[in-house]
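Okay, so here's the structure we're looking at.
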Amino acid sequence: MFDEVAARYDRTNDVLSLWQDRRWRHAVVEALDLRPGERLLDLAAGTGTSTEPFADGGVLAVPCDFSMGMLRVGKRRRPDLQFVAGDAVKLPFAAGAFDAVTISFGLRNVGDPAAALAELRRVTRHGGRLVVCEFSHPTWAPWRRVYTGYLMRALPAVARRVSSSPDSYVYLAESIRAWPDQRGLGEQVAAAGWGSVSYRNLSGGIVALHRAVRP
């Protein structure tokens, strides 16, 4: 599915999010607060758009994704980035290899999110940081109703006009609705062995940014 949407993936994300995805990526960069020379794993990096600001700031950032189609598009866009093909539940990296790890809008697409969170913990050094940026549940009921209506009706219609595989975005809407809320995801992060788990809402809770530390 992700191979099929890779060609127009970044453009489609901009349109469907009303360009809020750029703000969300900036929030991830701020939350990780990495210094030049630190090592970062950007899991489910897709075409590398989420990796770019880190690499441009001198961070040793590794974009990793399961979709070869995404990696091919990313490599054409940014040949300087060291794209790695990898499975979130069996990462091709040594224990403690990274100072920080992050995954944006990808954990929801992993068959076993708990295993992926445990793998992210394994490849992070003690004291290293995790940031998960993922769709969540708007906290204000009227806004939640508007957002749910957009997900189930408007999003597929817009996707048909801008995406290279519009049917894939029906899955997107359904997977967002089925995903745990902010507290539920925080509990999953803690259960995977991460400490100091916290979160903050973005865009009224459409997205939640979860942060944690490797004990």
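Remarks
- Relative contact order computed over region 1-128 (Cα-Cα under 8 Å; 6+ residues apart), in percent: 24
- The gain in end-to-end length when the E174 to A114 segment is fully stretched comes to 19.6 nm, 0.36 nm per residue minus the alpha carbon separation.
- Linear extension gain, K75 paired with A190, 0.36 nm per residue minus alpha-carbon span: 38.0 nm
- Accessible surface for F98 stands near 10 Å², nearest 10, in the context of the full protein assembly shown (1.4 Å probe).
- If R0 is taken as 35 Å, the Cβ-Cβ distance between R144 and R8 corresponds to a FRET efficiency of 0.75.
- For region 73-159, the fraction of alpha-carbon pairs in successive 5 Å shells from zero, as %: 3, 11, 15, 17, 17, 13, 11, 9, 4, 0
- Taking the convex hull of Cα positions in region 1-72, its mean projected area over all directions (nm²): 4.7
- Region 1-43, dipole about Cα centre (Lys/Arg Cβ +1, Asp/Glu Cβ -1), debye to the nearest 20: 140
- Kirkwood radius, the chain, all distinct C-alpha pairs, inverse of mean reciprocal distance: 17.3 Å.
- Only helices enter this figure: runs of n ≥ 4 DSSP H residues, each worth -39500 (n - 2.57), summed and divided by the residues of the chain, yield -11500 deg cm²/dmol at 222 nm to the nearest 500.
- Note on region 1-128: Cα Rg divided by 2.2 N^0.38 Å, N the number of residues, gives 0.99.
- Accessible area per residue, Å², region 26-88 with all protein chains present, probe 1.4 Å: 44
- Per-atom-type breakdown for the chain gives carbon and sulfur 55% of the accessible area (1.4 Å probe, protein chains only).
- Inter-label distance, L18 to R125: 4.2 nm, where each label sits 7 Å from its Cα along the C-beta direction.
- Furthest towards positive pole of dipole, L81, L18, V189, structure part the chain, Cβ charges: L18
- Choice from E174, E52, E134 showing the highest fluctuation, given a GNM over the chain with Cα pairs closer than 10 Å: E174
The values are calculated or read from the model by the stated rules, or taken from the named source; none is laboratory data. Keep in mind the model is a prediction, meaning the values are calculated, not measured. Methodologically, a virtual Cβ is constructed for each residue, glycine included, from the backbone with ideal geometry; neighbour enumeration extends over all protein chains shown. Surface areas here come from the heavy atoms of the whole protein model, side chains and all, with no ligands, DNA or RNA. Shrake-Rupley method; radii C 1.70, N 1.55, O 1.52, S 1.80 Å.
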